[in-house]
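The values are calculated or read from the model by the stated rules, or taken from the named source; none is laboratory data. The shown structure was predicted, so the numbers you read here are calculated from the model rather than taken from an experiment. Backbone-built Cβ (ideal geometry, glycine too); neighbour counts: all protein chains shown.
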């Protein structure tokens, strides 16, 4: 079964689970999606009011019907890294920062 929510979808936390009490009734945006071995989906939700991300299971969220865009979070900056195959260490070789 596919994930119920999509990247950048705005959702509201509706769970009464004690571990989510701090963000109950708050809205945020889906920034990551994962599926466990049993087929249940969990989401990295960036909560607007607390300016942090939380891991929230699918059944604890409802959609607001709104979506944000990639450009709302990323300005096009990039960093290129080269990894030494012998040591596994990475080194920055190029910065492309947008202002």
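Structure data summary
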quantity: Qualifying position, being in contact with a helix residue (DSSP H, G or I) (Cβ under 7 Å, 6 or more places away or on another chain) and either surrounded by 10 or more Cβ atoms within 10 Å (Cβ to Cβ) or farther than 24 Å from residue 3 by Cβ (or both), among 41, 48, 73; calculated: 41
quantity: Every residue from segment 51-70 that is loosely packed, with under 14 Cβ neighbours inside 10 Å and under 15 Å from the mean Cα position of the chain (by Cα); calculated: 51, 52, 55, 69, 70
quantity: Conditions (1) assigned to a loop (DSSP other than H, G, I, E, B); (2) at pLDDT below 95: number failed by residue 5; calculated: (2)
quantity: Breaking point among (1) in a strand (DSSP E or B); (2) surrounded by 14 or more Cβ atoms within 10 Å (Cβ to Cβ), for residue 20; calculated: (1)
quantity: Any hit, segment 59-75, residues being within 30 Å of residue 97 (Cα to Cα), touching a strand residue (DSSP E or B) at 6+ places or on another chain (Cβ under 9 Å) and part of a loop (DSSP other than H, G, I, E, B); calculated: yes
quantity: Test for residue 20: is it modelled with pLDDT of 95 or more, in contact with a strand residue (DSSP E or B) (Cβ under 7 Å, 6 or more places away or on another chain) and closer than 12 Å to residue 62 by Cα; calculated: no
quantity: Residues satisfying the stated conditions in segment 23-38, i.e. surrounded by fewer than 13 Cβ atoms within 10 Å (Cβ to Cβ) and outside any strand (DSSP E or B); calculated: 25, 36, 37, 38
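The rows are residues; the columns are (1) out of contact with any helix residue (DSSP H, G or I) (no Cβ under 8 Å at 6 or more places or on another chain); (2) free of Cβ contacts under 8 Å to residues at least 12 places away in the same chain.
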position: 3; (1), (2): no, no
position: 11; (1), (2): yes, no
position: 18; (1), (2): yes, yes
position: 22; (1), (2): yes, no
position: 61; (1), (2): yes, no
